[in-house]
Every structure is written in C-alpha cells, then in structure tokens.
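Data first, discussion second: the structure below is written as structure tokens.
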Amino acid sequence: MKKIVVGCDHAALQLKNAVIRHLEERGCEVTDVGTYTEDSCDYPDYGYAAAKKVADGDADAGIVICGTGIGISISANKVKGIRCALCGDLFSAEMTRRHNDANMLAMGARVIDEKLALQIVDTFLDTPFEGGRHERRVRKMMDIENK
Ligand code: RB5
C-alpha cells in the first residue's frame, strides 16, 4: 500500500502529523485531507473526505484519527466500499487486515500514544489479506450496503 490518505479532527492533529512523517519515511505518497489546525472542527467532514478518496480509488488505504477514533471511523464507514477498523492494539491491526481486508485504519489520539500508533500503522500496512474463507465474509459485509 503506497498511496495513503490521512485525515483527522482538531483532537488528533499532532498524532496525524507524526503519522504523516512516519508514512513519508516509509516511502508512502501521502494525501492529507485536513484538518490542518487545532481549531475546533467536525470529525465527519474529515472521515468522509478521506473515505471518499479510498472509495474512488485515489488512495490504496486511509488512516483517520480523532480523539477516540470512534466518530471518525463511524463516519468513514458510512461511505460505500469502506471497511474502516478502529484499532488500539497490534493484534487488532493485524487481524483486521488478515480477516476483514480493512481498507481504512482509525485510531484515537486520546487513547493511545504515538509510539503505539506508529506501530499500529506499520502492522496495518504490512499485513496482507488472507483471502480464502474470509473472501466470502468480506463479500457478505459489503452486500449489506445494498440491502
Ligand atoms: C472531539 O472533541 C471528539 O468528540 C472527537 O475527537 C472524537 O473523539 C469523536 O468521536
């Protein structure tokens, strides 16, 4: 996964900037959809903007961050084609790639520290989807969008 879109709200600006630096060090091409200041803003705007880029194929994956990661992940998951996983540990980050083929990662800047967040990013980006029986389950998840 090379092209990564990132987004955050005011609660997560510092962590998002650390994630961007880390992604660039990894050689990723990063698109930052904002927010760009610590002025209070609304996380759905940035969850949507990042998710749209992934859904449209403009990015291989997305990383979105708010205070808890909850609001921005719920917002991203409203966009058709998105499987955004909120992760606060390495096991979840690995499993959501292996089993759910998550195409977006959400994290909570008020929940985890920077060191763990960057490890979660690496695990998420480095873990491939297992396929096999999980293909069917992912397809069933996505079929719910059309019901
Ligand atoms: C903003 O104060 C906070 O509500 C937001 O960052 C996030 O935690 C929402 O889920």
Quick numbers on segment 59-129, Rg and Dmax over C-alpha atoms in Å, give 10.9, 31
Highest mean packing first, using Cβ neighbours within 10 angstrom, the peptides 64-72, 1-9, 92-100 sort as 64-72, 1-9, 92-100
At Phe129 and Glu24, where each label point lies 7 Å from the Cα along Cα→Cβ, what is the point-to-point distance in nanometres?
3.0 nm
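Report the calculated FRET efficiency for Glu38 and Arg136 (r = Cβ-Cβ distance, R0 = 35 Å), to the nearest 0.05.
That gives a FRET efficiency of 0.20.
Skip the ligands, DNA and RNA, and give the accessible area per residue of the chain with a 1.4 Å probe, whole Å². Walk me through the intermediate numbers first.
Numbers: 7440 Å² over 147 residues.
Ligands and nucleic acids excluded, the result is 51 Å² per residue.
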Past the 16 angstrom mark, what percentage of all C-alpha to C-alpha distances in segment 14-122 do you count?
54 percent
Can you give the accessible area of Asp58 in Å² (nearest 10), computed on protein heavy atoms with a 1.4 Å probe?
80 Å²
Can you run the Rg to Rh ratio on segment 17-57? Use alpha carbon positions and the Kirkwood inverse-distance Rh.
1.01
Sticking with the crude label model, points 7 Å out along Cα→Cβ, report the distance from Asp143 to Asp58 in nm, one decimal please.
3.2 nm
Give me the lysines in straight-line cross-link reach of Lys16: C-alpha distance below 29 Å, same-chain residues under 8 apart excluded.
Lys2, Lys3, Lys52, Lys53, Lys78, Lys80, Lys115
Could you check how much of the accessible area of the chain is carbon and sulfur, as a whole percent, using a 1.4 Å probe?
48 percent
Residues with beta-carbon under 15 Å from that of Arg137, excluding Arg137: net charge, scoring Lys, Arg +1 and Asp, Glu -1?
+2
Net charge contributed by nearby residues that have their C-beta within less than 12 Å of Thr127 (K/R +1, D/E -1):
-3
Based on DSSP H runs of at least 4 residues, each adding -39500 (n - 2.57), what is the mean residue ellipticity at 222 nm of the chain after dividing by all its residues, to the nearest 500 deg cm²/dmol?
-14000 deg cm²/dmol
In this structure, the FRET efficiency calculated for Lys80 and Lys2 from their beta-carbon separation, with R0 = 25 Å, to the nearest 0.05, is 0.60
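The values are calculated or read from the model by the stated rules, or taken from the named source; none is laboratory data. Since the model is a prediction, treat every value here as computed from it, not as a measurement. All Cβ positions, glycine included, derive from the backbone under ideal geometry; neighbour counts span all protein chains shown. In case anyone asks, the SASA skips ligands and DNA or RNA and just uses the protein heavy atoms, side chains included. Shrake-Rupley method; radii C 1.70, N 1.55, O 1.52, S 1.80 Å.
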